[in-house]
Amino acid sequence: MAAKRAQATPEEAERQRMLARERSAARRAAFTPEQAERERTLARERNATRRAALTSEQVEHERTVARDRNAARRAALTSEEIEEQQEQTREKVAAWRAALTPEQVEHECAVARDRSAARRAALTSEQVEHERTVARDRNAARRAALTSEEIEEQQEQTR
């Protein structure tokens with residue numbers, strides 16, 4: 001089987017992968033919920049075992065490959081698809097946040113604060129100045145778009 005794949009043209013190899021994906025999808029579609037969960041668990045365990053055996057160079061290589069693959073996939077998206085994905089992400093995050101307990105909310109806030117502090121601590125003075133400039137420009141653009149009623153409302157809130 002491997003010898004056949006080695007001789008195949010790239011188009012044939014892609015066709016074979018497509019057929020294999022379709023067979024797998026058809027097989028998964030016939031699973032009961034218990035079988036599907038068992039398959040997911042087994043896949044997670046296989047991936048965890050495989051990742052645990054990787055060297056740091058291999059880990060970095062896998063990250064690079066994944067980053068490149070994601071960048072290529074994103075570059076191929078239309079603006080409508082990008083908008084659709086952003087909307088789906090917003091909905092998922094909103095549902096996830098709505099399901100958090102107050103303790104989890106506090107934990108997430110603390111994690112976000114720590115992450116932001118670590119990111120800011122790693123910035124160079126040029127990067128800090130760039131971030132300040134970007135923030136100033138963003139605020140100026142936001143203020144320029146305000147109506148007179150919104151300006152009055154903000155002024156009342158700051159009194």
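Brief remarks follow.
- Cβ-Cβ contacts under 9 Å between residues 6 or more apart (or on different chains), taken from a first residue in segment 57-78 that is acidic (Asp, Glu) to a second residue that is modelled with pLDDT of 95 or more, are absent.
- Residues in segment 74-95 that are loosely packed, with under 11 Cβ neighbours inside 10 Å and of a type outside the set (Val, Ile, Thr): Ala75, Ala76, Ser79, Glu80, Gln86, Glu87, Gln88, Arg90, Glu91, Lys92, Ala94, Ala95.
- Restricting attention to segment 43-61, the residues that are loosely packed, with under 10 Cβ neighbours inside 10 Å, of a type in the set (A, V, I, L, M, F, W, C) and not in a helix (DSSP H, G or I) total 1.
- Verdict on Ala98 being under 25 Å from Arg28 (Cα atoms) and over 16 Å from the mean Cα position of the chain (by Cα): no
The values are calculated or read from the model by the stated rules, or taken from the named source; none is laboratory data. Quick caveat, the model's predicted, so the values are computed rather than measured. Because the Cβ atoms are built from the backbone with ideal geometry, glycine has one as well, and the counts that use them run over all protein chains shown.
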